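All remarks here apply to the structure that follows.
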Amino acid sequence: MDNNVFVIRCRESGDAVLLDAANEHEKLLELCQTLGVRTVLETHGHWDHIQAVPAVRDAGYEVGVAAADAEMLPSYDFILDDEQVIEVGRMRIRCHHTPGHTPGSMSFSIDDTPLLFSGDTLFPGGPGATGFEGGDFATIMESLENRMFRVFDPDTLVLPGHGSDTTLATEAPHLDEWYERGW
């Protein structure tokens, strides 16, 4: 599925988190060991983002997911809440509930850094798919408009769950077009 998996690491402490234990668990475990990962945060519970969850948990890493998507995972350790702050060394990673792709979709930002890890909520060219069970077009559009475009600086770099990076400034002008399409 060509998922994007991210490691967010504090340069000062060396502590890190992994975003989405997607697949290829051997490679992910090697990354986790090499880069000081202590925790895994899931953007949502779709199978292509969680296949390595059992392996990373078996290796001793804790996995967090939003309550609304928790049943989609084979197992997890803790629940992520909207606006919860996860401290990683000196970094503060903030959780943002951005439902629509799934009921529990989460995006993550780093305080004082213009980065937004959007999972499958926003891609270059539009919102994530809403045709899966639990997906909802009106809800994802509300998440985009009110939880991303109105909250973050337009120059914020968006790192999605698949594909290339984009910015909010690049995507925001297309909001009305996406509504019209009923993506």
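The values are calculated or read from the model by the stated rules, or taken from the named source; none is laboratory data. Values in this document were obtained by computation on a predicted structure and should not be read as measured data. We place every Cβ from the backbone using ideal geometry, glycine too, and count neighbours over all the protein chains shown.
Things to note:
- Residues within segment 10-30 that are part of a loop (DSSP other than H, G, I, E, B) and crowded, with 23+ Cβ neighbours inside 10 Å, tallied: 3
- Residue check for Ser75: at pLDDT 95 or above, touching a Pro at 6+ places or on another chain (Cβ under 8 Å) and more than 20 Å from Gly161 (Cα to Cα): yes
- Output for segment 135-144, where each listed residue is surrounded by 15 or more Cβ atoms within 10 Å (Cβ to Cβ), farther than 9 Å from Thr98 by Cα and of a type in the set (Gly, Ala, Ser): Gly135
Matching residues to (1) among the charged types (D, E, K, R); (2) more than 12 Å from Pro127 (Cα to Cα); (3) modelled with pLDDT under 95:
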position	(1), (2), (3)
Leu144	no, no, no
Met148	no, no, no
Val151	no, yes, no
Asp155	yes, yes, no
Leu159	no, yes, no
Thr167	no, yes, no
Ala172	no, no, no
Tyr179	no, no, yes
Gly182	no, no, yes
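- Only residues that are in contact (Cβ under 8 Å) with a residue 40 or more places away in the chain and in contact with a strand residue (DSSP E or B) (Cβ under 7 Å, 6 or more places away or on another chain) were counted in segment 43-64, giving 7.
- Some residue of segment 60-68 being surrounded by fewer than 16 Cβ atoms within 10 Å (Cβ to Cβ), within 26 Å of Ser13 (Cβ to Cβ) and either at pLDDT 95 or above or touching a Cys at 6+ places or on another chain (Cβ under 8 Å) (or both): yes
- Boolean, Asn4 is at negative phi and modelled with pLDDT under 95: no
- Counted residues, segment 145-169 - those being in contact with a helix residue (DSSP H, G or I) (Cβ under 8 Å, 6 or more places away or on another chain), surrounded by 15 or more Cβ atoms within 10 Å (Cβ to Cβ) and either part of a strand (DSSP E or B) or in contact (Cβ under 8 Å) with a residue 40 or more places away in the chain (or both): 6
- Consider segment 31-56 and keep the residues that are hydroxyl-bearing (Ser, Thr, Tyr) and surrounded by 19 or more Cβ atoms within 10 Å (Cβ to Cβ). The one that is nearest to Arg90 (Cα to Cα) is Thr39.
- Residue match in segment 109-129 (condition: at pLDDT 95 or above and part of a helix (DSSP H, G or I)): no
- Leading residue by the ranking (surrounded by the fewest Cβ atoms within 10 Å (Cβ to Cβ)) among those in segment 124-134 that are farther than 19 Å from Asp82 by Cβ and among the small types (Gly, Ala, Ser): Gly131
- Taking segment 121-147 as the range and being within 19 Å of Pro173 (Cα to Cα) and not hydrophobic (A, V, I, L, M, F, W, C) as the test, the residues that pass are Thr121, Pro124, Gly125, Gly126, Pro127, Gly128, Thr139, Glu142, Ser143, Glu145, Asn146, Arg147.
- A search for C-beta distances below 8 Å between a residue of segment 82-103 that is in contact (Cβ under 8 Å) with a residue 60 or more places away in the chain and over 18 Å from Met148 (Cβ atoms) and any residue that is of a type in the set (Phe, Trp, Tyr) and part of a loop (DSSP other than H, G, I, E, B), counting only pairs 6+ apart in sequence or on different chains, returns nothing.
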